[in-house]
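The next block holds one structure in the form of structure tokens; read it before the comments.
Every read-out reported here was derived from the displayed coordinates using simple, explicitly stated rules and does not represent laboratory data. Predicted, not measured: the structure shown is a model, and the values here were computed from it. Positions of Cβ are generated from backbone atoms using ideal geometry, with glycine treated the same way; all protein chains shown enter the neighbour counts.
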């Protein structure tokens, strides 16, 4: 029992640490590239991210969310290439890759017969969803796909053609504000529309 609780605590800590590192990633890259070579920045990030990502992948047991585990795996792969090639551009490509992964995961879940990604998340909180709620989840999965296209496209343009400070500001602040606003809109409207009280 104690070992199971300790394992759960370790998995939760790894998940929080991985999330915090992905959120802080643009700032770490900005500071790192202003002081060191891309190879050293990528190697330092790998030393922290690879063990956490490995633990996170090993603990990714919920079938509904298993595809999300590709995010740390792809991040580690891009960082490894950046370290190998001493390429700053690959460090800047990580947000683009993450958005592409989410686009593929969310988009694939819209195919006929599949459960839309937003519905998978919704069913973690409420097992039974009405047909109207399922249609709502499908609509919002499509909206998130459009967001990932716009967000990933913006990250790509900034990585290729903008100063590092612009890339850092967008990927380290603006993108998260936009995600938060989109999430808050969906949650608020869904609560009002489907409230049982």
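If you plug the beta carbon distance of residue 44 and residue 121 into 1/(1 + (r/R0)^6) with R0 = 41 Å, you get a FRET efficiency near 0.80. In plain terms, the chain from residue 183 to residue 84 could stretch by 31.9 nm, reckoned as 0.36 nm per residue minus the Cα-Cα distance. I need the calculated FRET efficiency for the pair residue 174 and residue 20, taking r as the beta carbon distance and R₀ as 30 Å, to the nearest 0.05. So, using R0 = 30 Å, E works out to roughly 0.95.
If the segment from residue 58 to residue 74 were pulled out straight at 0.36 nm per residue, it would be longer than the present Cα-Cα gap by 4.3 nm.
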